[in-house]
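Data first, discussion second: the structure below is written as structure tokens.
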Amino acid sequence: MRFVALATVAGTVVAGLGYVPTVKMAGDAAIWSMMAGCGVSWAASCVGAIPLALVSSRGTDSATAVLASTGVRFLVVLLLVVPLVFSGWLTKNVFVFWVGVSYLLMLFVDTTFALRLVKPTNENES
């Protein structure tokens with residue numbers, strides 16, 4: 001749950017920072033495209049964290065979970081972006097731009113989360 005909260009905060013921050021430039025560059029209608037792009041990255045990040053959460057609760061192989069997390073995240077982005085781009089509901093260039101920008105921020109959040117789970121603990125220290 002902490003990860004979802006952190007991802008939500010990160011997505012909100014990137015959307016907040018991008019609001020004014022998006023309105024100035026593409027107009028008010030592009031805000032929905034920006035929000036959809038950030039939402040796609042947020043959803044992919046949350047779904048991609050599932051393999052990592054399973055590893056932390058089971059104590060299984062963490063390297064495989066990190067790779068699975070990356071693959072799941074990328075697959076979710078593709079499954080959401082392709083139909084939305086071709087639907088005609090959104091401003092394509094704004095949408096794809098914000099998917100990319102927010103994906104990079106979410107990738108930072110995901111990597112930080114993964115490193116905390118995978119970080120080896122040295123139990124022999126006194």
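Just a few scattered comments:
- Remark: pairs (first residue in region 102-115, within 10 Å of ALA10 (Cβ to Cβ); second residue β-branched (Val, Ile, Thr); Cβ separation under 6 Å; 6+ apart in sequence or on different chains) = SER102/VAL14; LEU105/VAL14.
- A single member of VAL23, VAL40, VAL47 is in a helix (DSSP H, G or I) and in contact (Cβ under 8 Å) with a residue 40 or more places away in the chain, and it is VAL40.
- Among the candidates VAL47, VAL20, VAL40, the residue that is modelled with pLDDT of 90 or more and farther than 27 Å from VAL72 by Cα is uniquely VAL20.
- The one condition from (1) of a type outside the set (S, T, N, Q); (2) at pLDDT 90 or above; (3) out of contact with any helix residue (DSSP H, G or I) (no Cβ under 9 Å at 6 or more places or on another chain) that GLY59 does not meet is (2).
- Among all positions in region 110-123, there is at least one residue which is under 17 Å from SER45 (Cα atoms), in contact with a Gly (Cβ under 9 Å, 6 or more places away or on another chain) and at pLDDT 85 or above.
- Of the candidates VAL14, VAL66, the single residue that is closer than 20 Å to ALA114 by Cβ and in contact with a Phe, Trp or Tyr (Cβ under 9 Å, 6 or more places away or on another chain) is VAL14.
The values are calculated or read from the model by the stated rules, or taken from the named source; none is laboratory data. Model, not experiment: these values are computed from the prediction. All Cβ positions, even for glycine, are placed from backbone atoms using ideal geometry, and neighbour counts span all protein chains on display.
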